[in-house]
Amino acid sequence: MGKKRKPTLTIDQFTDLADAIVEEIPEKYCRELNGGFNIVEAARKDGEYFIMGEYIQDGIMGSTIMIYYGSFARLLGGAGRETWEKELRETILHELRHHVEIMAGVDYLTEEEMADLARGKE
């Protein structure tokens, strides 16, 4: 096993970057996202895959987007800040798309994800 690379961004830097990205999102897309965007320091895995972010909708607790810093650190490690920012932006917008689609009464993104998994893509 190779040497573990120190993450380019600390949890605080990552959180600041996430906050800046979220600030760019028009408010209308975050309507009913009552749990907001949350940064979790730990990594999250589902089987062999690291989970970068997750949209959670709960009938009691409402809607929340979770972003897993630990997963970014494990997958990106010492990659450049630009790579971290690109991946973080893509993850935030991906999870936000889940939220917007659910509000619109559709779930195309989940259908796309399931089709990709069936084809063996990450």
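Only the coordinates and a few stated rules stand behind these numbers; no lab work does. From a predicted model like this one, the values you see are computed outputs, not experimental measurements. Don't worry about glycine lacking a Cβ; one is built from the backbone with ideal geometry, like all the others, and counts go over all protein chains shown.
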Kindly indicate whether Gly62 is farther than 25 Å from Gln13 by Cα, of a type in the set (Gly, Ala, Ser) and in contact (Cβ under 8 Å) with a residue 12 or more places away in the chain. yes
If you take the residues in the range 47-67 that are in a strand (DSSP E or B) and acidic (Asp, Glu), which one is nearest to the chain's Cα centre (by Cα)? Glu54
The residue that is farthest from the chain's Cα centre (by Cα), considering only those in the range 68-82 that are within 15 Å of Thr10 (Cβ to Cβ) and of a type in the set (A, V, I, L, M, F, W, C), is Ala79
